[in-house]
Each structure stands twice: as structure tokens, then as C-alpha cells.
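Worksheet for the structure shown next.
The values are calculated or read from the model by the stated rules, or taken from the named source; none is laboratory data. This structure is a prediction, so every number in the text was calculated from the model and none was measured. Backbone-built Cβ (ideal geometry, glycine too); neighbour counts: all protein chains shown. For accessibility, only protein heavy atoms count, side chains too; no ligands or nucleic acids. Shrake-Rupley method; radii C 1.70, N 1.55, O 1.52, S 1.80 Å.
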Amino acid sequence: MKQIPVSDITPKPSREVETYDLYAKREHIYVKFYKGIFKNLRIISGAIMLIMFYGFPWIQWGDRQAILFDLPSRQFHVFSATFWPQDFMLLSVLLIILAFVLFVVTVFAGRLWCGYACPQFVWTWLFIWAERITEGDRNQRMRQDKKPITAALFSRKLAKHSIWFVLSISTSLAFVGYFTPIRELAPSFASLALGPWELWWVGFIAVATYGNAGWLREQVCIYMCPYARFQSVMFDSDTLVISYDEKRGENRGKRSRKSDHIAEGLGDCIDCNHCVNVCPTGIDIRDGLQVECVACGACVDACDDIMSRVGYAKGLIKYTTETNLAGGDTRILRPKLLSYLFIVIAMMSYFAYVIFDRQPIEVDVHRDRSQMFIEVSDDLIENVYTLKIANKGNSDERYKISTAGIHGMQLMGTDTVVVEAGKLIDFPIRIRASSSEIQQRNTSIDIRVEAVSNPDTHSIIESRFMAPIN
């Protein structure tokens, strides 16, 4: 037998290098027009949000804007209430409450926030509407984009981008209007007289709106939004999600309306792809629950419409739970949901108590650092303080100042001060006490500031009275 050299049977090393693209090229999603009950609900919820967003800056409350975050003055007006930087804890509590409310909604009903109330998708649907009325429905847009640009197509796209531009500018003006009075901002914008910071933020928000709702759309939800990433931790088998009834729908396939599809081994799904064509994130819900699903109900409406047309029962795609699909009974009240509910109720109770018990006055006291005390005479010791008094109410107020803590202690000079509504003042005071009444170098005292018109509005601040002790 002829011996074959090893080199002849050893395969030659391949010079080809396999490469993998870790980021798939985005395919533009052409959303098809449809009708349905869940679309109507989404339109209602979106309209409410848009009316609130655009309308609140124009509401007047007395002589000021009802909702105004006045950063230069460090005042945050929300209708009758005025909040200060000292009230930052309230904002923290409110954000925590909103986070846990979102957790409750997610555990109970999945991503309803995304589908019906998330600003990203409210504006995305608004931009899709502008796209449809200018360029036509899904099939027409797909055909047009494959053809060379023409004058007619250019005019359609120009109309679309013009609407997008108006929506973006109006959104940015409304947003900035929460920080700069909108009744001053709008005329300044119309006359091209915006300040540098206002111009920057109007431009930035407009570009962000135009880019996110017009171009990025589902990319924001898939790659940028953290909510889509941690939602799966909060889901369980009893969470309400959009699901495809595989037992009823499979096997998929085309069929004649007069045929017996069950005898042909087919399920109720006619494989029309309407559920895919109306999805704003471009997924096929028949592949199971996916991180891209925003629970908007578009596929439910589209599928129910097709089922009605072919004479099948609705609900092939529906809001349901894994437990229900498996034939079990969904548990509404369960430990995870009850835990979140308890936290929400407890924090809302605390927040309500703090809000209703909140005094419209804020007082802080600072001792004179230049000298610890002044010996007025052999028997009298004087300390100097500066009171920082903030009137957080909506009307000017006269405050009376009193002290306690050392027998015979006297407040020198005037004991009343007027503070305008929403203002913070520095008010110096001098306090004298007899050295015979002081037993230690550092004595605790209380300084009380109360409203003359309403003694229940007051603040008591503890400070220290310094004196020499032989």
C-alpha cells in the first residue's frame, strides 16, 4: 500500500475570517392604519396628556403662572403652593411614590404605562399620524420609498417634516414654558428675541423631540429605556400581558372562507401578518412575549378586526395572563402586588400628612461668627443672630419674634418684621441676658417666629446663647 504523506491529507488552514455584526441594521417600520377599542383608549389617554402638557403653562393663578419652576428665584409654584429648595425631600418622596405606582401597574398589568401614557410613545403616535396624512398608509409609503424622488413625493415629505417641525417647536416652547413664563416666552420667540439660555433649551428640546418621535421611535424603547430591561423581574405568571393563543391559532395558514379549516389541520390564525404590520416596534407577538412589546394593544385591535371579517371568535391575541392561557385561574391579589400596594399607601399617607401639615414659613438662624458674645455691662451679655425668614405663602405677612430659654432674656430693638409673599429676607436680632441667670457657657434657647394674622403659622428654632463663665 502506498503511504500518503501526512501533509497531503491534512486540511489546509482557511484564510477566511468569520465576522459577526453585534448591532443589526435598523429596518424602518411602516405602521399600518387600523381601528379598534384599544386604539380609542390610547387616543383618549394621549389627548389628556397632551392637553395637560400644553395647557398647564397657560393657566394663571392670581398674578402668576399656575405651574412655574422659577429657578432664578429658587421657587417652585404649583397652583396655590410654593415650594423651596428646602422642600427637596418632598420631591424625593413624590418620585419614590411614582416609581412604586409604576411597579404596581407593571406587576398587575404589564407595560400599560408604555402603551398608553409614556411621552415617548404619545409623541411617536402623533408623528406617525402626521406621516400617514401626508404620505399615505403603510403600503403607499413603502412603494414611494422604493421609487426615485419626484416633485409630488418631495412635496409630501416636505409637508410631513413641516408638521413634525411645528410639533417639535410647540413641544419645546411648552416645556420651557414651565421654567420661563409662557406668556413672556411665546411673544419673545415670535419676535426672535429669546435670551441665550431660552434659545438653547427651546432648540435642544425641539431637536430631541424631532429625533426621538420622528426618527428613533422604537429604538428609544428597545435600546435606551431602562424600564424595558427590568420589567421582566417584576412580571409573574399572573401579570396581565398581551399574548397569542397558540393552542387556538396553530397551525397557521391561508384558507378559503367556505372551507373547514379544522378538518384541514389549521388553527384560527390565517397568517395575514396584520398584527405585525400595526406594531409600532415591529415585533411578531406570535413569537411570544418580547422585551420590545409596549403593550399598546395595536395587535389586539388588528387581530380582532380580522377575526370578525372571517367569522371567527375574537381574542386570538388578547390581554391575558400565562396562568389563564394554561387553563388556571389568575390570582389578582398576590404577595408581590400587595407589598407594592402597602408601600405606596404608606408613602402616600406620609406625603399627604407632610403637605397638609406644612407651614408656609421657613426660618433658619445663624449666630454672629465674628464674636461669640458682647459684654454690655458687668451683668448683661449680648449675642447677635441673623434670622433667615422665608414667607412661603401667597400674601405678605407680618411676623412677631420672641425668645425663651433664659429667665429675663430680652430681644433688643423691633420684634416684628414684614416679609413679602414668596420672599426670603435676612433679619438681624440682638438678645441680652443677665449673667446671673446663666449657669453655663453654652445655653440652649428657642427663637419663635409666628405670623401676626395667624399664630398657628409659626416656626421655633433652637440656637445657643454664649456667655463667659468665671
> What accessible area per residue, rounded to a whole number of Å², is obtained for the chain using a probe radius of 1.4 Å?
Replying inline: 58
> Do you know the relative contact order of the chain, to the nearest whole percent, from alpha carbon pairs under 8 angstrom that are 6+ apart?
Replying inline: 14
>> Give me P(r) over the stretch 235-311, computed from all C-alpha to C-alpha distances, binned every 5 Å, as integer percentages.
In response: 3, 15, 25, 23, 17, 10, 5, 2, 0
> At a 1.4 Å probe, what is the % contribution of carbon and sulfur to the accessible area of the stretch 326-426?
Replying inline: 56
>> Can you give the FRET efficiency to the nearest 0.05 for Met52 and Met348, using r as the Cβ-Cβ distance and R₀ = 25 Å?
In response: 0.75
>> If I compute solvent accessible area with a 1.4 Å probe over the protein chains, what percent of it on the stretch 214-291 is carbon and sulfur?
In response: 56
> When only DSSP loop residues count, what GluC sites (Glu not before Pro) in the stretch 362-470 have their Cβ near at most 15 other Cβ atoms within 10 Å?
Replying inline: Glu420
> Over the Cα atoms of the stretch 62-110, what is the Rg over Rh ratio if Rh follows Kirkwood?
Replying inline: 1.16
> Dividing the Cα convex hull volume of the stretch 102-158 by residue count, how many Å³ per residue is that?
Replying inline: 94
>> Taking only the Cα atoms of the stretch 261-378, how large is their convex hull per residue, in Å³?
In response: 266
>> Counting only other residues whose beta carbon sits under 11 Å from that of Arg331, what net charge do I get with K and R as +1, D and E as -1?
In response: -1
> Which of the lysines could a cross-linker bridge to Lys388, judged by Cα under 24 Å and excluding same-chain residues fewer than eight apart?
Replying inline: Lys400, Lys423
> Considering the dipole of the chain built from charges on the beta carbon (Lys and Arg +1, Asp and Glu -1) around the Cα centre, which of Leu337, Asn212, Ala66 is farthest to its positive end?
Replying inline: Asn212
> What size of dipole, in debye to the nearest 20, comes out for the stretch 41-142 about its Cα centre when the only charges are +1 on Lys and Arg C-beta atoms and -1 on Asp and Glu C-beta atoms?
Replying inline: 260
>> I'd like to know which of Met89, Ile270, Ser453 lies farthest towards the positive end of the charge dipole of the chain, counting +1 on Cβ of Lys and Arg and -1 on Cβ of Asp and Glu.
In response: Ile270
> Which listed residue (Tyr312, Ala302, Ser191) has the Cα farthest towards the positive end of the charge dipole for the stretch 179-330, taking +1 on Lys and Arg C-beta and -1 on Asp and Glu C-beta about the Cα centre?
Replying inline: Ser191
> How many angstrom lie between the C-alpha centres of the stretch 320-376 and the stretch 73-106?
Replying inline: 10
> Kirkwood-based Rg over Rh for the stretch 295-364 (C-alpha set), two decimals?
Replying inline: 1.35
> Mind checking which helices in the chain clear 15 Å along their axis (Cα) and have mean Kyte-Doolittle hydropathy of 0.5 or more, DSSP H runs only?
Replying inline: 37-55, 88-109, 151-176, 196-209, 298-310, 335-356
>> What number results when the radius of gyration of the stretch 169-271, computed over Cα atoms, is divided by 2.2 N^0.38 Å?
In response: 1.97
>> About the Cα centre, and with charges only on the beta carbon of Lys, Arg (+1) and Asp, Glu (-1), how big is the dipole of the chain? Nearest 20 debye, please.
In response: 2380
> Can you give the alpha-carbon Rg of the stretch 17-148 over 2.2 N^0.38 Å, where N counts its residues?
Replying inline: 1.53
> What is the diffusion coefficient of the stretch 345-391 in µm²/s, taking the Kirkwood radius over Cα pairs and the Stokes-Einstein relation at 4 °C with a viscosity of 1.567 mPa s?
Replying inline: 91
> Extent of the stretch 422-470 along each principal axis, from alpha carbon coordinates, in Å, largest to smallest?
Replying inline: 46, 21, 15
> Once the Cα atoms of the chain are picked out, what are the Rg and Dmax in Å?
Replying inline: 33.9, 128
> If Trp58, Trp197, Trp123 are ordered by their accessible area, calculated over protein heavy atoms with a 1.4 Å probe, which sequence runs from highest to lowest?
Replying inline: Trp197, Trp58, Trp123
>> Can you tally the net charge around Gln290? Count Lys and Arg as +1, Asp and Glu as -1, for every other residue whose Cβ sits under 15 Å from the Cβ of Gln290.
In response: -3
>> Students often forget the sequence filter, so: which lysines lie under 23 Å Cα-Cα from Lys157 once same-chain residues fewer than 8 apart are removed?
In response: Lys32, Lys146, Lys147
